[in-house]
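Novice: Sharing a structure, written as structure tokens. Questions coming.
The values are calculated or read from the model by the stated rules, or taken from the named source; none is laboratory data. Just so you know, these numbers come straight off a predicted model, no measurement behind them. Every residue, glycine as well, gets a Cβ built from its backbone with ideal geometry; the counts of neighbours run over all protein chains shown. Side chains are part of the model used for accessible areas, which takes the heavy atoms of the whole protein and leaves out ligands, DNA and RNA. Shrake-Rupley method; radii C 1.70, N 1.55, O 1.52, S 1.80 Å.
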Amino acid sequence: MPNAWKRDKPTRLLSPKFLFLLFSSTLILIVIFLSSSRPSSPNPNPNYFALNNRLSFHAISPFDCFNSPQAHPVIASTVEGVRYPFLFSLSDFGTLPDKPHKNIVRILKGKPFRKPDISVTVQDILEKAKTEGRDGFFVDVGANVGMATFAASAMGFPVLAFEPIFENLQKICEGIFFNRVTNLVSLFEAAASDRLGNVTVHKLVGRLDNSAISATGAKLAFKSNEEVAIQVRTVPLDEVIPESERVLLLKIDVQGWEYHVLKGATKLLSRKGSQAPYLIYEEDERLLEASNSTFKEIRDFLSSVGYNDCTKHGTDAHCTKKDVR
């Protein structure tokens, strides 16, 4: 029987049966760990301790991770390709055992999470500031699940992160716990904008980590037949960031709402020379159009506050100010 050897061939490492057995045992262990490590008494808000010696928040209070329900169980792994490593958690396992999440498969193979480009970009820019002896904040607007936030906090930089979607806030809280950066990250449940108030945000069914002010904009990044409209709080960055504090890097990724975020940070962006932050913002014409904004409108505003040096990096724009001698 020339093909008889096939019956004795070892089971494939990533067969559905193997994945199911492995995950069953892994999930049980994680549940036991989380149950044993959960504090028995209420804890103070970790974000209160983050920057309370330097900042006093009047317009908005930080999000309370300790009193927020968390998804569980979760698995955390290091993110690949970054100079300063950090952990990222995963609570979406995909469809087990037939179609596990791609990063679950990577973990089973002993590989880290796939690196997001923004993490590397943030660390490269902050590394330059570090070598020049400059200290200050990283401001993450549209923090999503925290990949940029943790890239900065892993380097020891304090972070102000703004994110309006609750599911994303849960993920960021997980990362704060796993990376032990409660003393560095202040998280705000809000959409940065040009005024205090509220705005309707659309989030996609099945992709709650992606959202936009415009329903059309929400669907541009990912295909979906349905979105959910929710009311979220808005706050200008100038109402949160004191003029006395330096911001080294401001990153904005808000699916077409960038102009309103920039307008709400007029004082911050009007700082002179190197006192003004390095600026990264998403400049996607389709998303801007969906939010009734334009590339020219943003560039004209930036020019009015002294940002005349902008270069395009994919769908992102990087802008800096030159020191006035």
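Novice: I'd like the Karplus ³J(HN,Hα) series for segment 166-180: coefficients 6.51, -1.76, 1.60, θ = phi - 60°, whole numbers in Hz, and an x wherever there's a Gly or Pro.
Specialist: Once θ is set to phi - 60°, the couplings for segment 166-180 become 4, 4, 6, 4, 4, 5, 5, 4, 4, x, 4, 5, 5, 8, 6 Hz.
Novice: Still on this model: Count the DSSP beta bridges whose two residues both fall in segment 73-318, then state the antiparallel fraction as a percent rounded to the nearest 5.
Specialist: Rounded to the nearest five, the antiparallel share is 55 percent.
Novice: Another question, if that's okay. Efficiency by 1/(1 + (r/R0)^6): what FRET value for GLU245 and VAL120, r their Cβ-Cβ distance, R0 = 25 Å, to the nearest 0.05?
Specialist: Efficiency at R0 = 25 Å is approximately 0.45.
Novice: Next question, about the same structure. Would you grab the residues whose amide H sits under 5 Å from the one on VAL185? Only those 5+ places off in sequence or on another chain, please, with H modelled 1.01 Å from N.
Specialist: VAL159
Novice: In whole Hz, what ³J(HN,Hα) sequence does segment 98-108 give by Karplus (6.51, -1.76, 1.60; θ = phi - 60°), x for Gly and Pro?
Specialist: 6, 9, x, 4, 4, 7, 5, 4, 5, 4, 5
Novice: Out of residues 5 or more away from ALA192 or on other chains, whose amide H comes under 5 Å of its own, with H placed 1.01 Å from N in the peptide plane?
Specialist: Residues meeting the criterion, in which the H sits 1.01 Å from N, are GLY142, VAL235.
Novice: HN-Hα J couplings of segment 227-240 from phi, Karplus 6.51/-1.76/1.60, θ = phi - 60°, integer Hz, Gly and Pro as x?
Specialist: Taking θ as phi minus 60°, the curve returns 10, 10, 9, 10, 8, 10, 6, 10, 8, x, 4, 5, 7, 10 Hz for segment 227-240.
Novice: Per residue, how much accessible area does segment 235-276 show when a 1.4 Å probe rolls over the protein heavy atoms, in square angstrom?
Specialist: Heavy-atom accessible area per residue stands at 35 Å².
Novice: Would you mind calculating the gained length between LYS111 and THR294 on full extension (0.36 nm times residue separation, minus the Cα-Cα distance), in nm to one decimal?
Specialist: 61.8 nm
Novice: Taking 0.36 nm per intervening residue step and subtracting the Cα-Cα distance, what contour gain separates ASN67 from VAL228 on full extension?
Specialist: So the extension gain works out to 55.5 nm.
Novice: Long-range amide H contacts for ASP64: which residues qualify at under 5 Å (H placed 1.01 Å from N, peptide plane, sequence gap of 5 or more or a different chain)?
Specialist: Here nothing satisfies the definition.
Novice: Over segment 79-166, what is the mean sequence separation of C-alpha contacts under 8 Å (at least six apart), divided by residue count, expressed as relative contact order in percent?
Specialist: 29 percent
Novice: Decide, for segment 73-318, between rounded, prolate and oblate: order the square roots of the alpha carbon gyration tensor eigenvalues as a ≥ b ≥ c, take rounded if a/c falls under 1.5, and otherwise choose prolate if a/b is larger than b/c, else oblate.
Specialist: oblate
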